[in-house]
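One structure is given below, encoded as C-alpha cells.
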Protein chains: 6
Amino acid sequence: MFPAKKIQKLVGTRIQVEMKGEKFVLEGLLESVDDYLNLYLSSATEIVDGERRRMLGSVVLRGNNIVLITPLEE
Amino acid sequence: MFPAKKIQKLVGTRIQVEMKGEKFVLEGLLESVDDYLNLYLSSATEIVDGERRRMLGSVVLRGNNIVLITPLEE
Amino acid sequence: MFPAKKIQKLVGTRIQVEMKGEKFVLEGLLESVDDYLNLYLSSATEIVDGERRRMLGSVVLRGNNIVLITPLEE
Amino acid sequence: MFPAKKIQKLVGTRIQVEMKGEKFVLEGLLESVDDYLNLYLSSATEIVDGERRRMLGSVVLRGNNIVLITPLEE
Amino acid sequence: MFPAKKIQKLVGTRIQVEMKGEKFVLEGLLESVDDYLNLYLSSATEIVDGERRRMLGSVVLRGNNIVLITPLEE
Amino acid sequence: MFPAKKIQKLVGTRIQVEMKGEKFVLEGLLESVDDYLNLYLSSATEIVDGERRRMLGSVVLRGNNIVLITPLEE
C-alpha cells in the first residue's frame, strides 16, 4: 500500500502528527487528506511531552510541513 | 470536505495562522486563498503568548511556510 | 482578490518582506513578481528591530523562502 | 541506478531515515515508497545517539522532509 | 523584468548568495541558472562577517534553499 | 553548462554535499542523480570540522534538502 493510500485509509480515525519546527505533536480525528498530504483534523489537541495541552478544535495542516504521521487506533 | 475546501469556506471569517520559523501567530480576516494555500489576510495582527502585539494591516502569506490554520469563528 | 494578484498590484510600490530563517526584514521597491512569488526588489534595505541597517541595492528573493509580505504604502 | 529506483529496491528491507529538524533517526521496515519519496514504514523505532527509544509502529514520512536514507541490510 | 530574467542577466558576473540555514554568504561567478533558480558558480568563496574564508571553487546551489541573490557588479 | 548538467557530469566522481539542518558534510562517490537533484552516493562518509567520522556506505539524499554540492576531483 502506497504512503498516500495508507493515510487515506486513516480517514475517520485518530492520528498523531509531527510538524516541522514545532515542539508539540498534534492529535486529532482525520477528516480528510489530499494529494499533497494536507490534512484536515477535527477535535485536535496539542501534546507536549506526552501531556494534552491546548484544545485547537478543527485545524488544517499544510502537507509539506508534516514530518511524520502515526495511526493511533491500530 | 478536503483541506483546501475547508479553507475556502473560511474566506470572510477570522482565522489564526502559524508560520514556520516564527514565534508569533497571526490573526486576520481571510480575504482569499489559492491552490497553494497562499493566504491574503486583512486586519492582521501578531499574537505572542496570547497577547496582541503589532498590527500589520493586510498581509500575504506564502502557503508552503504555513504550518497550521485554525478557524476562530466556529 | 487572490494572493498573487494582491502582490502583482503592489509592483511599483514599497513593500516589507520577512524571509524564512532570517533575523532581518527587507524593505524595497517591488520591481516584479512571478508565479512562484519570486520577488525582484530595488533599493532594498535590511531592517533589524525597526532600524535600517545594510543597504543591499537590488535583490532577488526566492519565493518559497518568503514568509510574509506587507504593503508599506496602503 | 537512479535514486528513486535505489529506494524502490529497498522495499521489504529495514532502512534508516534522517528527517529534517529531528534529533532522532528512524529505523523501520520499508513497506512502500512513492514518486515524492514519501515512505511508509512498519515496526518503526526512534533511535537517539545510537540507542533504540520509542516504538512507533507504522508511520508515514513526508518525502520533502527526508534528508537521508540508508539501507541497513546491505 | 521578471526575477528569473534578472538572474539570467547576471550570468558572467559575480554575485552574492544567502542560503537557508547557513551562517556564511557565498560569492562567486555565476556560470548558469535554470528555471528552479539552481545556480552554478565558479571561483566561489565563503564570506563570514564580511571576511573571505574558505575557497570552494565550483559549486552547485539548490534553488529552493536560496534566500537572496545580490549582484556585485551593478 | 546548466546546474543539473554540471551535476550529471560528476557521476562516477567523488563529491561533497551540504545538507540543510545538518552539522556534518557528506562525501561520497556519486552513483546517480535525477531531475530533482536527488543523489545516490556510495562509500559515503560524514565529515565534521574537516575530519572523517561515521562511514555510511550507500545513501540516498533528498534533493530539496541539499544546499550545496562541490566536486572533489576537479
Treating only the Cβ atoms of Lys and Arg (+1) and Asp and Glu (-1) as charged, compute the dipole magnitude of region F:3-66 about its Cα centre; round to the nearest 20 debye. 100 debye
Could you tell me how far the Cα centroid of region B:1-28 sits from the Cα centroid of region F:1-65, in Å? 37 Å
Could you sort out which of C:LYS6/F:LYS20; B:LYS20/C:LYS5; D:LYS9/E:LYS23; C:LYS5/F:LYS9; B:LYS20/D:LYS23; D:LYS6/E:LYS6 sit more than 29 Å apart by Cα distance in this structure? C:LYS6/F:LYS20; D:LYS9/E:LYS23; C:LYS5/F:LYS9; D:LYS6/E:LYS6
Residues in region E:9-33 near a label at C:ARG54, defined as backbone nitrogen under 16 Å from the 7 Å Cα→Cβ point? E:15-28
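For peptide C:66-74, compute the average count of partner chain beta-carbon atoms within 10 Å of each residue's beta-carbon.
Per residue, the number of nearby Cβ atoms from other chains is 6 on average.
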Roughly how crowded by other chains is peptide C:16-26, in terms of the mean Cβ count from those chains within 10 Å of each of its Cβ atoms? 4
Positive-end extreme of charge dipole, the protein assembly as shown - chosen from F:ALA4, C:LEU29, F:GLY57 (charges on Cβ): F:ALA4
Inter-chain shielding metric for B:1-8, i.e. average beta-carbon neighbours from other chains within 10 angstrom, reads 6
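To the nearest 20 Debye, how big is the dipole of the protein assembly as shown about its Cα centre, given +1 on the beta carbon of each Lys and Arg and -1 on that of each Asp and Glu?
Charge dipole, the protein assembly as shown, about its Cα centre: 180 debye, nearest 20.
Every read-out reported here was derived from the displayed coordinates using simple, explicitly stated rules and does not represent laboratory data. Everything numeric in this text was worked out from a predicted model, so none of it was measured. Don't worry about glycine lacking a Cβ; one is built from the backbone with ideal geometry, like all the others, and counts go over all protein chains shown.
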